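What follows is a set of notes on a single structure, which appears directly below.
Laboratory data are not the source of any read-out in this text; all were calculated from the coordinates shown. Treat the numbers as computed from the prediction; the structure is a model and nothing was measured. All Cβ positions, glycine included, derive from the backbone under ideal geometry; neighbour counts span all protein chains shown.
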Amino acid sequence: MKLHEYQAKALLSLYGMLMPRGGVASTPKDAWAVAERLSAPCVVKAQVYAGGRGKAGGIRLVNTPEEAEQATADMLGTRLVTAQTGPEGAPVSRVLVEEALEVERELYLGIVIDGQVQAPVMIASRAGGVEIEQVAAKHPELLLRETIDPVVGLRSFQGRRLATGMGLPVSMANSLAQQMIRMYEAFTAKDCSLVEVNPLVVTRDGRLVALDAKVTLDDDALFRQQDMAALRDWGQDSPLEAKAGQAGIAYVKLDGDVGCLVNGAGLAMATMDTINAGGHRPANFLDVGGGADPDRVATAMGIILDDPQVTRILVNVFGGIARCDDIAQGIVQAIPEARKGVPLVVRLLGTKVEDGKRILTEAGLNIRFVDSLREATEALSTH
Ligand code: GDP
Ligand code: MN
């Protein structure tokens, strides 16, 4: 789960990192009021779950509260398309209004989990303000890294080593190291998978300030981060993904036309691989979960049916903990009279399989039952 920039900044400043003064606004009048309070030139920043806003017109420099109001009116209600959003863009329903700073240097700081060394790593670069992937591709020598021992945390000597490596004077290295340590404290306290400050700037008057902030939380830890989970902005996800997320169904929209309803993430991936190998394109990844009850299955089926690209549906369910009759009931419940003709290829196995098949057959759906995935891919071509 991602946080908006204004939420990420509130979090990081709670841990002692330094941010520009500012406030969030969801109306032009609010933006005017924030700018008035700051009484300085400001930046108005669109709040979306994506970076690359600067180049996409999502960040505007303004000189008066009236200009802040106007910039906000221009942005609110639009969809911002950046290099990271895809062509449909992301909806702007809030802006962050901040004092504009006079920037001397732009640096990059990021913490991610390095799967190879199985530890968090602090990445730093003197080439901040641009996408770090570009720096990695063109100037890998400008990327510095320190592996963090999870037992002791980031040590200040590591922070100083990164800071001096970025070319900061020793006098500044100490305070940057302190900022890094606070950043890592937030990273662990909130079970993050990414904390990124790009750019962290050195201002003309010599302060170190986080100009932008990005935080991604580990979804599997949200159960113990309820205050963070509550910050989720469902409007940023595609409607189908938001619906699935709220129902606790693992769903990823893809660009094919075969809707896939599967129980178990591994089985879902194997299903997608197999139908791909058979020359078909999945419309989605969907794991309805282990103990799927009829309502949950109906929600999942409804999401698949709501995808306009879906022309046929493959159900691949192994009834271990889940029961095939529950699955069947959910499917029947979800398919409205008008959609009964949609071709279904169904592979059901396991607990209560005969009951499940009977329920589906009696519902008068357009079904082809198959016993194996290979048969399923063949049926997708002919059914
Ligand atoms: P992103 O494009 O979505 O990553 O948004 P950022 O918040 O990183 O802003 C992009 C760029 O806008 C930064 O790298 C800065 O160059 C510029 N910018 C943003 N805020 C300020 C500011 O207060 N003062 C100055 N001089 N530049 C700013
Ligand atoms: Mn940025």
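Observations, loosely collected:
- Dipole of region 21-100 [Lys/Arg +1, Asp/Glu -1 at C-beta], most positive-end residue of A40, V97, A68: V97
- Extension gain for the segment E141 to F157, taken as residue separation times 0.36 nm less the Cα-Cα distance, is 3.7 nm to one decimal.
- Lys/Arg +1, Asp/Glu -1 at C-beta; the chain dipole; positive extreme among G264, T188, V297: T188
- Over region 159-287, relative contact order from alpha-carbon pairs under 8 Å, at least 6 apart, %: 15
- Here the Karplus relation 6.51 cos²θ - 1.76 cosθ + 1.60, evaluated at θ = phi - 60°, turns the backbone of region 291-299 into coupling constants of x, 6, 8, x, 5, 5, 5, 5, 4 Hz, with x for every Gly and Pro.
- Placed amide H near R105: partners under 5 Å, 5+ positions off or other chain: V202
- Scanning residues 5 or more positions from L314 or on other chains, those with amide H under 5 Å from its amide H are G259, C260, L261, V345, with H placed 1.01 Å from N in the peptide plane.
- Karplus-derived 3J(HN,Hα), 6.51/-1.76/1.60, for each residue of region 120-135, Hz, glycine and proline x: x, 9, 9, 10, 9, 8, 6, 9, x, x, 10, 5, 5, 5, 5, 4
- Total lysine pairs in the chain at Cα distances under 24 Å, for residues eight or more apart or on different chains: 24.
- Prolate/oblate/rounded label for region 238-382 (Cα gyration tensor, a/c 1.5): rounded
- Residue by residue, region 349-356 carries 3J(HN,Hα) couplings of 9, x, 3, 6, 5, 5, 4, x Hz when phi is fed to the Karplus relation 6.51 cos²θ - 1.76 cosθ + 1.60 (θ = phi - 60°); x denotes Gly or Pro.
- Largest to smallest principal axis extent of the C-alpha atoms in the chain, angstrom: 76, 48, 37
- The stretch between D205 and E99, if pulled fully straight at 0.36 nm per residue, gains 36.7 nm over its current Cα-Cα span.
- Look at where the Cα atoms of region 1-28 and of region 190-262 average out, and the two centres are 15 Å apart.
- Long-range amide H partners of A250 with built H, under 5 Å: D287
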